[in-house]
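Working notes, structure below.
The values are calculated or read from the model by the stated rules, or taken from the named source; none is laboratory data. Note that the structure is a prediction, hence the values are computed from the model and not measured. All Cβ positions, even for glycine, are placed from backbone atoms using ideal geometry, and neighbour counts span all protein chains on display. Accessible surface is based on the protein model in full, side chains and every heavy atom, while ligands, DNA and RNA are left aside. Shrake-Rupley method; radii C 1.70, N 1.55, O 1.52, S 1.80 Å.
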Amino acid sequence: MADRYLHLTGTAPGRFLTRRLGLPQPAPLRRWTLETPHLEGPLLHLTAGASAVTGVAEALSRSGLPVVGNTDRPAAIVLDATGVTTAAGLGDVHAALHPVVRSLAPGGRIVVLGTVPSPDDHHQAAAQQALEGFVRSLGKEIGRGSTVQLVRIPGGGAAQAAESTLRFLLSPRSAYVSGQVIELTTATATPGPGPAADPAAPLTGRTALVTGAARGIGAAVASVLARDGARVIALDVPGSREELERTADRLGATALPLDITAPDAADRIAAAAPDGLGVLVHNAGITRDRRLANMPADRWASVIEVNLDSVLRTTDELLKAGVITRGGRIVATASIAGIAGNTGQTNYAASKAGIIGLVRSLGPRAAADHGVTVNAVAPGFIETKMTAAVPLFIREAGRRMNSLSQGGLPVDVAEAVAWFAQPDSTAVNGQVLRVCGQSLLGA
Ligand SMILES: NC(=O)c1ccc[n+]([C@@H]2O[C@H](COP(=O)([O-])OP(=O)(O)OC[C@H]3O[C@@H](n4cnc5c(N)ncnc54)[C@H](O)[C@@H]3O)[C@@H](O)[C@H]2O)c1
């Protein structure tokens, strides 16, 4: 559904009026296109104190942006704050960013590099944790469609582990991601297939199965994974067969009409992917909203069954049977409702919080036992059929109550899934990435 307010603030009279009234000023976000795959402008590389990781300059040189030490108009700024170990050292963060923050181009990116806080050194832990409050606050004040994130690299590690993450965050693919903290693991814990042979089609040779792929976010995920070279199997309920087949035909994908809650769902998926799965995306989801006092058991049960139980069951069975190949990627779909809670959604929020629990618990074990990573996206307000059905006032609030003052698009979630799926995202495991424009809900 069109965001008329965003359109209005894109016109001179609309901008004048809404500014006078003190209303939100959403900036149009630039997404990835084949013609403009990168941000336009240089990347300013700054360091607060001495770096505590190796290879930051090399990792940035592969981000797709020209790296400079000085510029008037950076498209992106990366501040290496991995060496900040004391409260006094936080002064170096201020000293580095204060003079340049205003010069960031509209739609720009700031990425702060930190380390995983140490359990044995509370001064270092305090200083590194301070970066989280800093980044989340800067994300709220930076405006003009720019975003700010914190990437934690394991102490003493190499920035190489962060390459796929930096490529994503420093590109138009992460347009609707802001205020996020990504904690990388040591890549050796999750041996993967290494860098892609073809950077333009990094998923070449892999099969990706996406559930709930007939429409909405799932169709966008299927489309982006196909763009990245994957052979896609698009799964949706038999009742959506026509829509599913249209989507699959458009993408050159295989349609698999199947209810994911069917007892033999894992077997049918395995049969549809005889060479195994490199990427499994659990996207299918339903809502059956009612306040708890009015919620019958069947509405509770159906949401838990589709959104959580079938995800647990099929994941377990497919991992056990070795259908998800080594170096494989599992991506599940949570929601900011699972973080913040929402009136009328005790069932839905419980199911989505359950996904977060699944990802955090299974990630390290799946890496150790199967060489597979497990992550989740947690979308905020995304413009789909699901949100078009929300009453007008709540819909407008959902769109504006985030740092970017607008709803996201299905492709924004899809790009995050594709980042998790990258062959060199081996150090990204057990993470929950909110794709919500830094929503105030659950912040
Ligand atoms: N749209 C948003 O703002 C938003 C926000 C947070 C989370 N999410 C989550 O993102 C995912 C996709 O949401 P969407 O907005 O695209 O929803 P949607 O309703 O447009 O699409 C969901 C798809 O899942 C399919 N599906 C439902 N039950 C299924 C089952 N048992 N087996 C197979 N397929 C099934 C549906 O047929 C549909 O095609 C869901 O998990 C949803 O909870 C969406």
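Looking at G371, G363 in this structure, which one is at positive phi and either within 11 Å of the ligand (Cβ to nearest atom) or at pLDDT 95 or above (or both)?
Just one listed residue meets the conditions, G371.
Where in segment 206-307 are the helices (runs of 4 or more DSSP H), entirely inside, with at least 3 residues that are touching a helix residue (DSSP H, G or I) at 6+ places or on another chain (Cβ under 7 Å) and either near the ligand (Cβ under 8 Å from one of its atoms) or open to solvent by less than 60 Å² (accessible area, probe 1.4 Å) (or both)? Give the steps one after another, and end with the answer.
Numbers: elements: 216-227, 241-251, 265-272, 297-304.
Ranges flagged: 216-227, 265-272.
Do we have any residue at all in segment 3-15 that's modelled with pLDDT of 90 or more, surrounded by 12 or more Cβ atoms within 10 Å (Cβ to Cβ) and assigned to a loop (DSSP other than H, G, I, E, B)?
Keep residues of segment 3-15 that are modelled with pLDDT of 90 or more, which gives none.
So far as segment 3-15 goes, no, none of its residues is modelled with pLDDT of 90 or more, surrounded by 12 or more Cβ atoms within 10 Å (Cβ to Cβ) and assigned to a loop (DSSP other than H, G, I, E, B).
Collect the residues in segment 374-404 that are away from the ligand (no atom under 14 Å from the Cβ) and either within 19 Å of V432 (Cα to Cα) or under 18 Å from the mean Cα position of the chain (by Cα) (or both), keeping them in residue-number order.
V374, N375, S403, L404
Among (1) touching a residue at least 12 places away in the same chain (Cβ under 8 Å); (2) not in a loop (DSSP other than H, G, I, E, B), there is one condition R19 misses while meeting the rest; what is its number?
(1)
Wholly within segment 347-443, which helices (runs of 4 or more DSSP H) include no fewer than the required count, namely at least 1 residues that are open to solvent by less than 20 Å² (accessible area, probe 1.4 Å) and touching a strand residue (DSSP E or B) at 6+ places or on another chain (Cβ under 6 Å)? Step through it out loud before you land on a result.
Numbers: elements: 385-388, 392-400, 410-421.
Filter on segment 347-443 gives 410-421.
Among the residues of segment 314-327, is there at least one that is touching a Pro at 6+ places or on another chain (Cβ under 9 Å), assigned by TED's automatic domain parsing to the domain that holds T373 and open to solvent by less than 30 Å² (accessible area, probe 1.4 Å)?
Looking through segment 314-327, at least one residue is touching a Pro at 6+ places or on another chain (Cβ under 9 Å), assigned by TED's automatic domain parsing to the domain that holds T373 and open to solvent by less than 30 Å² (accessible area, probe 1.4 Å).
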